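Take a look at the structure below.
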Amino acid sequence: ASPASDTAAIPPRVILTASSLLQPVCDPHLQPIIRRRARSLPTSPERLKNTAAQCHVPGCKRSRINRVRFADALGLELAEVKVFQVGEDPSIPLHVLSRLSINSDLCCSQLDMEITMQCLVPNFQQPVDCVDFSTRLHQQLVCLECVTSSDLGLSGTIQVLNLAFEKQVSVRYTFNQWKSVHEVCAHWHSSNPEVDGKGQADVFTFFLPMPPFLLQLCSVVQFAVRYRVNGQEYWDNNQGQNYSFTCRSHLLKMPRECEASWIHFI
């Protein structure tokens, strides 16, 4: 190995010539970023004619079009205007009118509101809450479990003993004391395990749509449950009395501090 030099190493000199200054630089050429704007569907010719404005540039006779549109994600119009004739007035359901009146009363009053609303109230105790529910189920092979009401209709559940795989469960109901009847099919929901060796039960769900006129006071809807299996037919009609709901008035007291939340709920 050669001994280390006592003098520091001198870096080499870099000589710039005219030819080296004229050589191209290796940096990449920057390109401007082009963003493509989203375009909606073309507007109608009538709107184009109405929004056209005369160009203010001297000597220019072409019209300039100012267009402002609000469109959804598909480029379609967010709103559509429809003109109703005298005989085409829309029919507004009673429950919608009642909630609109509630909104108006809340905005104009400075006191706590007392609101009367119409709702369907059951005329029977929920069968699942009865102590003899299991006994009724095994005697009738079918039994209504529970029902809840809303502005749209009645929804509930039914239990049937699992006698065969093929089975049909339906609900027959009426609005006019059985002068005319309607029937809807229930749909399988789940299965309950066997309890005390009494057999397995299947749970079915159903929904009964309610017409708007049923939300008038004293209106009544009656129904019964039918279960068909193995060529036989079994009924649960609340021990011969039928299950029924009656439209009754219900008083609601609403403090002023709940006004905003109530309007949001509407």
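The values are calculated or read from the model by the stated rules, or taken from the named source; none is laboratory data. Small disclaimer: the values here were computed from a predicted structure and weren't measured. We place every Cβ from the backbone using ideal geometry, glycine too, and count neighbours over all the protein chains shown. Accessible surface areas use protein heavy atoms only, side chains included; no ligands, DNA or RNA. Shrake-Rupley method; radii C 1.70, N 1.55, O 1.52, S 1.80 Å.
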ask   = Are there any strands (runs of 3 or more DSSP E) wholly within the stretch 140-238 with 2 or more residues that are more than 15 Å from residue 128 (Cβ to Cβ) and basic (Lys, Arg), and if so which?
value = 167-174, 220-229
query = List, please: which pairs have Cβ atoms under 6 Å, are six or more places apart or on different chains, and start with a residue in the stretch 160-173 that is without any contact (Cβ under 8 Å) to a residue 24 or more places away in the chain and end with one that is part of a strand (DSSP E or B) and not β-branched (Val, Ile, Thr)?
reply = none
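Kindly evaluate residue 154 against the criterion of being under 25 Å from the mean Cα position of the chain (by Cα), of a type outside the set (Phe, Trp, Tyr), open to solvent by less than 40 Å² (accessible area, probe 1.4 Å) and under 20 Å from residue 241 (Cα atoms).
On the way: under 25 Å from the mean Cα position of the chain (by Cα): yes; of a type outside the set (Phe, Trp, Tyr): yes; open to solvent by less than 40 Å² (accessible area, probe 1.4 Å): yes; under 20 Å from residue 241 (Cα atoms): yes.
Answer is yes for this residue.
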query = residue 166 versus (1) surrounded by 15 or more Cβ atoms within 10 Å (Cβ to Cβ); (2) over 30 Å from residue 247 (Cβ atoms); (3) within 34 Å of the chain's Cα centre (by Cα): which is the lone unmet condition?
reply = (1)
ask   = Does residue 181 fit the bill of being open to solvent by 50 Å² or more (accessible area, probe 1.4 Å), among the β-branched types (Val, Ile, Thr) and within 17 Å of residue 223 (Cα to Cα)?
value = yes
ask   = Among the residues of the stretch 58-91, which ones are modelled with pLDDT of 70 or more, open to solvent by less than 100 Å² (accessible area, probe 1.4 Å) and in contact with a Leu (Cβ under 7 Å, 6 or more places away or on another chain)?
value = 71, 72, 75, 76
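On the basis of being β-branched (Val, Ile, Thr), crowded, with 16+ Cβ neighbours inside 10 Å and at pLDDT 95 or above, does residue 221 make the cut?
Working: β-branched (Val, Ile, Thr): yes; crowded, with 16+ Cβ neighbours inside 10 Å: yes; at pLDDT 95 or above: no.
Here the answer is no, as residue 221 does not meet what is asked.
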